[in-house]
Amino acid sequence: MKNRYPTYVVAILFACTLFSTSCSKDPAATFVPANTTYTLLNSNGFLAFEDQVAFQAYVEKFQKNPSDPSVLRDIQFLESQSTELRKLDSVSLSQMAETGDLTGFEHMLKLVGDGDDKSLQPIVDDPTLSRLINKDGLIQIGELVYQVNPSKVFQIRIADFEQTKATFLTSPEKVAQATVYRSQPASAIKNTTSRMLNKVESNSVTYENPGQGTCRFTAEVYLLDLGFYRKLAVRVKHEWRQRFWFTYYWGNSSAAMSMEGDINFLEYYTPFTKHYSVSTNDDYKIETVIDETFNYVPLNWTTNVGTAVCRGRNGLTYSLHF
């Protein structure tokens, strides 16, 4: 596989999230739902799950059907990362890309790259997690509150969070009670072929769309070790290099896309394969990103053999192997 855009590695490293490692139960930190009507949204404005098992079950339920009425009921009042970013118009995004001023969106966006490769990217570049954490990057599981930052994730007990909320939101590194999760090094994992557990391998193609400019189609396979959230997925995305005054930046642009292939694992010396096939190749389902998550998430994969196809905005078809 060809890794042509290192910035995608940066986009994945946001996910150094933490494993739930509280050693003792603090009575003051016991999980208490904020209300009885919408039991997941607490008074601090982020979702709270009773424990890791409950969170994992909810993630699987969400991935299976994000439009499930019970899911929509639980999260309809959550100001999540994805819902807040969807409120931004192209002018606002252009101004952020030009000035580098992310005030009010420091927990949601980051600006990477220089010159023509400048790109506004979400800190949480994952369709499931970005809908389940709030605009400040917060979520609670058991007695721990997690905050996602660009290159690390902080954790703090809910009781300590209540005492240091203002400081933790702006400068969690200054809160003595907060700790940082770091994913395990590859040397600590048996039989792994990965050099790092948070990794992405991708291939891309650019093309010219008359009247719009340069577009980019990317296919990638990525592995996240988020501690409380681990994921292995394949993804395709379509972007458009937009211009604001004398500056360019990459922003999402919809297109009809598909991908199909096999991802191969080696778990305890036993090889096995998972097949994937997902498509947006119809006129009524054209998206910016399609993401296929594997229910079984080992800590490594050996190879991926896949093909991705994009019907470009110029009417031509582009194919990638990744």
Among (1) under 20 Å from the mean Cα position of the chain (by Cα); (2) modelled with pLDDT under 85, K237 falls short only on (2)
Every listed condition ((1) of a type in the set (A, V, I, L, M, F, W, C); (2) surrounded by 18 or more Cβ atoms within 10 Å (Cβ to Cβ); (3) modelled with pLDDT of 85 or more) holds for W301 save (3)
Filtering the range 108-141 for residues that are assigned to a loop (DSSP other than H, G, I, E, B) and closer than 23 Å to P66 by Cα leaves a count of 11
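If you take the residues of the range 58-110 that are of a type in the set (F, W, Y) and under 20 Å from the mean Cα position of the chain (by Cα), which of them is modelled with the highest pLDDT?
First, pick out the residues of the range 58-110 that are of a type in the set (F, W, Y): 58, 62, 77, 105.
Imposing the further condition that a residue be under 20 Å from the mean Cα position of the chain (by Cα) reduces the set to 58, 62, 105.
Working: Y58: 92, F62: 89, F105: 86.
So, considering only residues that are of a type in the set (F, W, Y) and under 20 Å from the mean Cα position of the chain (by Cα), the one modelled with the highest pLDDT is Y58.
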Scanning the range 149-176 for residues that are assigned to a helix (DSSP H, G or I) and among the β-branched types (V, I, T) gives I158, T164, T167, T170
Being touching a helix residue (DSSP H, G or I) at 6+ places or on another chain (Cβ under 9 Å) and acidic (D, E) narrows D101, D89 down to just D101
The correct count of residues that are under 26 Å from Q242 (Cβ atoms) and touching a helix residue (DSSP H, G or I) at 6+ places or on another chain (Cβ under 8 Å) in the range 63-84 is 4
Filtering the range 199-222 down to residues that are within 16 Å of Y276 (Cβ to Cβ) and of a type in the set (D, E) yields E201, E220
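The values are calculated or read from the model by the stated rules, or taken from the named source; none is laboratory data. Just so we're clear, the structure is a prediction, and the values are computed from it rather than from any experiment. All Cβ positions, glycine included, derive from the backbone under ideal geometry; neighbour counts span all protein chains shown.
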